[in-house]
1. What about Val503, is it touching a residue at least 40 places away in the same chain (Cβ under 8 Å), buried (at least 22 other Cβ atoms within 10 Å of the Cβ), in a loop (DSSP other than H, G, I, E, B) and under 26 Å from the mean Cα position of the chain (by Cα)?
2. For the range 278-327, enumerate the residues that are of a type in the set (Lys, Arg), in contact with a helix residue (DSSP H, G or I) (Cβ under 9 Å, 6 or more places away or on another chain) and within 14 Å of Tyr261 (Cβ to Cβ).
3. Given the condition under 32 Å from the mean Cα position of the chain (by Cα), assigned by TED's automatic domain parsing to the domain that holds Asp454, among the hydrophobic types (A, V, I, L, M, F, W, C) and surrounded by fewer than 12 Cβ atoms within 10 Å (Cβ to Cβ), answer yes or no: does some residue in the range 605-617 qualify?
4. Of all residues in the range 530-578, which are aliphatic (A, V, I, L, M), in a strand (DSSP E or B) and either over 10 Å from Glu495 (Cα atoms) or out of contact with any strand residue (DSSP E or B) (no Cβ under 7 Å at 6 or more places or on another chain) (or both)?
5. Kindly indicate the residue of the range 579-594 that is outside any loop (DSSP other than H, G, I, E, B) and hydrophobic (A, V, I, L, M, F, W, C) and also surrounded by the most Cβ atoms within 10 Å (Cβ to Cβ) among those meeting that condition.
6. Tell me the residue from Ser80, Ser71 that is part of a helix (DSSP H, G or I), within 30 Å of the chain's Cα centre (by Cα), modelled with pLDDT under 95 and in the same structural domain as Asn200 (by TED's automatic domain parsing), please.
7. Can you tell me how many residues within the range 293-311 are part of a loop (DSSP other than H, G, I, E, B), among the charged types (D, E, K, R) and either modelled with pLDDT under 85 or on the phi > 0 side of the Ramachandran plot (or both)?
Amino acid sequence: MKYLLAAVILLFSVESCDAQTAHPKVEKTTVLDTNGVVTPEDYFPQIEKVITKIFSRYHYKHIKVTDSLSSVIFDNLLKSLDYNKLYFLKSDIEKFEKYRTQLDDDLKKGIITPPYDIFNVYKKRINSRTKYILNRLKQKFDYTIDEYYEPDRKNADWAQSVDELNELWRKRLKYESLNLKLTGKKEDKIIETLSKRYENYQKAILQYKSEDVFELFENTFANAVDPHSAYLSARESENFDIRMKLSLEGIGAQLRTENDYTKVVKIIPGGPAYKSGLLHADDRIVAVGQGPKGELVDVIGWRIDDVVDLIRGKKGTTVRLAILKANASADLPPDTIAIVRDKVKLDERAAQKEIFQLDETGHHFKIGVIKIPSFYVDFEAKRKGDPNYRSTTRDVHKLLDTLKQENVDGIVIDLRNNGGGSLEEAISLSGLFIKKGPIVQVKNSNGTVDEGDDPDPSIIYDGPLGILINRFSASASEIFSAALQDYGRGLIIGEQSYGKGTVQNLIDLDRFLPYLGSEAGELKLTIAKFYRITGSSTQNLGVIPDVKMPSAIDPDEFGESSNPSALKWDMIKPTSFQKFGDLSSVIPKLIKQHEERIKNETEFKYMFEDIAEYKANKKKKKFSLLESKRKKEREKNEAKRKEREEARKKVKELKLKRKGEVDDKYLKIDDPILEESGHIVADLILDTKNQSDGK
C-alpha cells in the first residue's frame with residue numbers, strides 16, 4: 001500500500017531524487033538588492049500547468065479550478081504575506097483586486113506573473129517599513145500615556161495611508177519596547193534588539209529567490225484545495241527525504257544564522273564533525289570549499305539553506321570549512337578545517353525509551369515509556385535490501401524487548417507532538433500489540449476501499465498499555481491510537497488529537513517534465529481518506545481519549561477542524577475484526593480515580609490556573625501601553641512564579657521523604673502529564689486484576 005501521511009512521504013515514482021549526494025551549486029552572492037525585482041524562471045509556467053492538471057484530475061475532491069477557488073487563493077496569498085495587515089496599503093489591495101478572479105485562468109495557462117507582481121510590491125513595503133522602524137526606534141516612547149495596542153488585526157481593514165500605517169507601527173514598537181523594558185533591558189539594548197529583529201526580517205525577504213516565490217504561490221493554490229497538499233521544490237524534496245530516513249550524508253552539525261554568520265548549534269554525536277573534533281558548538285562558518293583544494297566560497301550573509309547545500313555532499317568526499325572559533329573576534333583570521341563526509345544518523349528523532357517508578361495505593365510500579373517523535377522508515381535502504389534498515393517498528397520492537405527484560409509493569413507509548421509519517425509503519429507498529437486483523441481502511445477517490453492489515457501474526461507485547469496523545473498528534477499517530485482503542489488493546493490518554501485523516505501521494509514532476517529533471521520538484525497530493533476499522537473517519541474529529549487531560553486548546557481553533565479547506569468527517573461500513581479486549585468496564589473508574597488524584601496535585605492545580613488565565617487573555621483585544629499598569633501586572637506574575645517555585649520545592653522534598661531512595665538508573669519524572677499517565681496505567685493494572693479476582 002503506497003500512501004503518504006502527514007509530514008513524511010512514500011515515494012510515488014520509481015526513483016527518488018538524491019540531491020544531497022549531487023555536487024552542490026554555488027549560489028551567488030551575499031549582496032542584498034533592496035530595489036531588485038524578483039521574476040519567474042522561464043520553465044515555471046510548464047510546471048504550473050502540470051500541477052493544475054494533476055490537481056484537477058487526481059485530487060480526492062475532484063476539484064474544479066474556477067473563479068471561486070481563485071478568490072480563495074487570492075485572499076490566502078495576501079494572508080501568507082501580510083496576515084496582520086501591517087505592510088500593504090489599501091491602495092495596493094485595490095490594485096491587486098484585478099487578480100481575484102483571474103488566477104484560475106492563469107493556473108490553467110501557466111501565467112505566473114501576478115504573484116510576482118504582488119510579492120515585489122510587498123518587498124517594497126518591507127523596505128519602507130524597515131526604514132520607518134529603524135528611525136522610529138531612535139525616538140523615545142512616552143510610557144506615561146494611557147493608550148492601548150491591538151495586536152490582532154486579521155479582521156481589521158487595510159491602512160488607508162502611510163500616516164495610518166505609521167501610527168499602527170508606532171504602537172507596535174512601543175508595545176515591544178515596553179515588554180523589553182519590563183524585563184530590565186536598557187534603552188540602548190532595546191533599540192539594538194528590535195533593530196536587529198526587523199533588519200533580519202527584511203533580510204529574509206530580500207533573500208527570496210524566484211523559486212521561493214513560485215513555491216509560495218503554488219502552495220497557496222494547494223492549500224486552498226486542502227491543507228495537506230503541497231508543492232515541494234527540489235530542495236524541500238531533499239529535506240523530506242532526510243527527515244524520513246533519519247539520516248543524511250554530510251558532516252553532522254546543526255546550524256542556524258546569527259548576525260550574518262552561519263553558527264554551529266549542535267554537533268551530532270557519532271557524525272564526522274564529532275569524530276574529527278575540529279568543529280564545536282558556537283563556532284562560526286565563514287566560507288565553504290569542495291574537496292581538498294576547492295576554492296573557499298565566502299558565505300557570510302547567506303541564507304542558511306544555501307550554506308547547508310554547500311556543506312552536504314556524497315559520503316567519502318571532503319568539505320573544507322573556514323571557521324571562526326566560538327571565542328574568536330571577527331577581525332581574527334579564520335581557521336580552515338577539512339572533514340570527510342559520511343552518513344549521519346539523526347538518532348534524537350528516533351524512538352527512545354525511559355523507565356520511571358511510582359507508587360499507587362500502596363503498590364510499587366515500574367512504568368516503561370517509549371517516546372515516538374514520528375513514523376519513519378529509510379525507504380532507500382529497505383528497497384536495496386539492507387537488513388539493518390531503520391524504521392519506527394524495528395526500533396520500537398527492540399525497545400519493547402528491552403523493557404520486558406527490565407520487568408516493567410506497564411508501558412506508555414508517548415505520541416505527543418507526533419505529526420505522523422509512514423502509513424505502513426503505523427500499520428506494522430500496531431501489529432506489535434495485536435495478533436492479527438485490519439488496522440485501517442483507506443477510501444480512494446474512485447470510491448473503492450482498501451484494508452491495511454497487520455503483517456505479522458505475533459504479539460511482541462501483550463501487557464498493560466497506555467497511549468498518550470495531544471492535539472499535535474496527527475495522521476499516522478491517529479491510525480495507531482484509533483486501532484489500539486478499537487481493539488480494546490490500549491487505553492488512550494490525553495487530548496483530542498489533530499484530526500488529520502487524509503492520505504497523500506508524492507508525485508515526481510520530472511515524470512511529466514523530464515527535460516527539467518529534479519528542478520521540477522514534487523507534488524504532495526491528497527488522493528484518499530483513511531477510516532477506523534469501525535468505519536468512522538478520524539478526519540476533522542481526531543481520536544477522542546478514554547481519559548482526558550486538561551488542555552487550553554480549543555479543537556475548533558486549532559487542528560484540522562479549524563481549517564476551512566479541510567475535508568469533512570464521514571463514515572463508511574465497518575470491517576470485520578476480533579477485539580483483543582474490552583476496557584469499557586474499567587474506564588469510568590479510571591476517569592474518577594484520575595480526576596480525584598489531579599485535584600490534589602500541585603502541578604495540575606497550576607495547569608488549571610494557567611488554562612483559565614490563557615482563556616481570559618485570549619479574549620483580550622488590546623493591551624495597555626501604560627508602564628505603571630504593566631509593571632503591576634508583571635510584579636503580580638513574578639510573585640506568582642516565585643510562590644510556585646517554593647511550593648514545587650516543598651512538594652519534591654515531601655515526595656522524596658515519602659518514596660525514599662529511588663534507583664538512579666530510573667528516570668526521575670519531571671513531566672506531570674506523563675507521570676499521571678503512568679498512574680492511570682497503574683490504576684488499569686490494579687482494576688483489571690481486581691476484576692479478574694472478582695473483587
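The values are calculated or read from the model by the stated rules, or taken from the named source; none is laboratory data. Just so it is clear, the structure is predicted and the values come from calculations on it, not from any experiment. Reconstructed Cβ throughout: ideal geometry from the backbone, glycine too, with neighbour counts over all protein chains shown.
1. No.
2. Arg303
3. If we filter the range 605-617 for residues that are under 32 Å from the mean Cα position of the chain (by Cα), which is where we start, we get 605-617.
Adding the requirement that they be assigned by TED's automatic domain parsing to the domain that holds Asp454 leaves 605-617.
Still in the list and also among the hydrophobic types (A, V, I, L, M, F, W, C): 607-608, 611-612, 616.
Those still in the list that are surrounded by fewer than 12 Cβ atoms within 10 Å (Cβ to Cβ) too: 612, 616.
The answer is yes; a qualifying residue exists.
4. Of everything in the range 530-578, just one residue is aliphatic (A, V, I, L, M), in a strand (DSSP E or B) and either over 10 Å from Glu495 (Cα atoms) or out of contact with any strand residue (DSSP E or B) (no Cβ under 7 Å at 6 or more places or on another chain) (or both), namely Met571.
5. Here the answer is Leu590.
6. Result of the check over Ser80, Ser71: Ser80.
7. Here is the first cut: in the range 293-311, the ones part of a loop (DSSP other than H, G, I, E, B) are 293-296, 299-303.
Adding the requirement that they be among the charged types (D, E, K, R) leaves 293, 295, 303.
Pick out the ones that are also either modelled with pLDDT under 85 or on the phi > 0 side of the Ramachandran plot (or both) and you get 303.
Qualifying residue count for the region: 1.
Listed here are the residues, each with its yes/no results for (1) crowded, with 19+ Cβ neighbours inside 10 Å; (2) of a type in the set (D, E, K, R); (3) in contact (Cβ under 8 Å) with a residue 24 or more places away in the chain; (4) at positive phi.
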site: Gly110; (1), (2), (3), (4): no, no, yes, yes
site: Thr183; (1), (2), (3), (4): no, no, no, no
site: Arg197; (1), (2), (3), (4): no, yes, no, no
site: Lys209; (1), (2), (3), (4): no, yes, yes, no
